[in-house]
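The values are calculated or read from the model by the stated rules, or taken from the named source; none is laboratory data. Model, not experiment: these values are computed from the prediction. Cβ placement follows ideal geometry from the backbone for every residue including glycine, while neighbour counts extend to all protein chains displayed. Just the protein is used for accessible areas: all its heavy atoms, side chains included, with ligands, DNA and RNA removed. Shrake-Rupley method; radii C 1.70, N 1.55, O 1.52, S 1.80 Å.
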Amino acid sequence: VAVFTHKGRSADSGHYIAWVKRESGKWIEFDDDNPILQREEDIVKLSGGGDWHMAYICMYKARTVSM
């Protein structure tokens, strides 16, 4: 339901951003005061590398399954 990323080359510098999935299924990127609608296919690219965003904390929500 959410991914927190770090963008930068070390833990001592860089920038943290939150990516949150809304109940509607749409993803919103929260970068300071600028929420931006994002495509789901871009969320899976948050694996990091170089100066790109690296998933730092992943938040999950339990699903109810009927049996």
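Note down the accessible area of residue 59, probe 1.4 Å, to the nearest 10 Å².
The value for residue 59 is about 90 Å².
I'd like the carbon and sulfur percentage of the solvent accessible area for the chain, probe radius 1.4 Å, heavy atoms only, ligands and nucleic acids excluded.
On the chain, the fraction of accessible area on carbon and sulfur atoms equals 55 percent.
Restricting to DSSP H runs of at least four residues, report the calculated mean residue ellipticity at 222 nm for the chain, -39500 (n - 2.57) per run over all residues, nearest 500 deg cm²/dmol.
-1000 deg cm²/dmol
Once the other residues with Cβ under 12 Å from the Cβ of residue 2 are scored (Lys, Arg +1; Asp, Glu -1), what is the net sum?
Net local charge, residue 2 excluded: +2.
Over all alpha-carbon pairs of the chain, lay out the pair-distance distribution in 10 Å bins, whole %, shortest bin first.
20, 49, 23, 7, 1
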